[in-house]
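Report on the structure given below.
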Amino acid sequence: MKKNTMIVCFTLIMSFLIGIFFIDIIYADILSWGSRGEEVRIVQTKLKNWGYYYGQIDGIFGKKTYQAVVKFQKKNGLLVDGKVGAQTRRALGIPQKGISAKYNETVKISQKKLKQWGYYKGAVDGIYGPKTYDAVTKFQRKNGLRVDGIIGPDTRKALGIIEKPSKTEYMSTSGGVSRNDDIHLLAMAIHGESRGEPYVGQVAVGAVILNRVKNPSFPNSIAGVIFQPGAFTAVNDGQIYLTPNEESYKAARDALNGWDPTGGAIYYWNPATATSKWIWTREVTLKIGKHWFAHE
């Protein structure tokens, strides 16, 4: 009898401990009051970009972060508990850790880049499997990185992947770059490339630059796209350094606020002056002023 009682007690204790173990796995990704670290910084940055948070980006989940999360949850019809759980993470555009992270957009972008460069032969499906692991380690070895198969900060940087806020109105805040800086640089490019074009054509040039920022085949910042070697004539001949006029600034703001007259184009050229033979292989989808536009 005593032996049976001991077995039952042992079973109950083990069940309890296993239950706690799985609860920890399920809830380990929940950020709440008192949490600290890089993910809290990401939450704070996104909430600050969107006008919910006004505190410091310090990675400490305190009163101001809590209040901002509550406001965000109320605004987006989520469970209002002040915690960043699965639903709030999805709404903020932050992937879950652990297994679900294998299916996130970073993996998909990495697969596409690695496939373009000949490291990866599998499907671009966002699933981190053996083929993706092999491709990542080959890339790391080739580029003098730590060979661990993890798409960490150094590997993402080498791949040209920079995390961007998932917001309709594009806002660049990483690396100390402000929205005003983005407007000014985009206006410089628009002025250098398309001054004298119809206004909608100037917005279209800005939209192409922003479409490239979002496309995994191009650098992941406005500056990176504009100054990519050989990408824009205005950079090559120095016209980008001319002082933008007010119309160029207005076109930059309209493009940044989501106006895309091209419907997603990532290329444009002037057929009267284009010297690239390759660009003529693109299928023209739109013509505005002197510029022709193409998607892929």
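The values are calculated or read from the model by the stated rules, or taken from the named source; none is laboratory data. The structure presented is a predicted model; accordingly, all values stated were derived computationally and were not measured. All accessible areas refer to the heavy atoms of the entire protein, side chains included, with ligands and DNA or RNA removed. Shrake-Rupley method; radii C 1.70, N 1.55, O 1.52, S 1.80 Å.
Could you work out Rg/(2.2 N^0.38 Å) for segment 180-228, with Rg from alpha carbons only? Numbers along the way, then the final one.
On the way: Rg = 10.5 Å, N = 49, 2.2 N^0.38 = 9.7 Å.
My calculation over the Cα atoms of segment 180-228 gives 1.08.
Please go through the residue pairs K83/K250; K113/K277; K214/K277; K83/K131; K112/K287; K48/K108 and name each one whose alpha carbons sit more than 32 Å apart in this structure.
As for pairs spanning more than 32 Å Cα to Cα, those are K83/K250; K83/K131.
For segment 216-295, just say rounded, prolate or oblate: build the C-alpha gyration tensor, square-root its eigenvalues into a ≥ b ≥ c, call rounded for a/c under 1.5, and beyond that prolate if a/b exceeds b/c, oblate if not.
Numbers: a/c = 1.36, a/b = 1.19, b/c = 1.14.
Cα axes put segment 216-295 in the rounded bin.
Can you give me the long-range amide H partners of Y267? Hydrogens built in the peptide plane at 1.01 Å from N, cutoff under 5 Å, separation of 5 or more residues or another chain.
A294
W278: accessible area at probe 1.4 Å, nearest 10 Å²?
Spelled out: W278, probe radius 1.4 Å, area about 120 Å².
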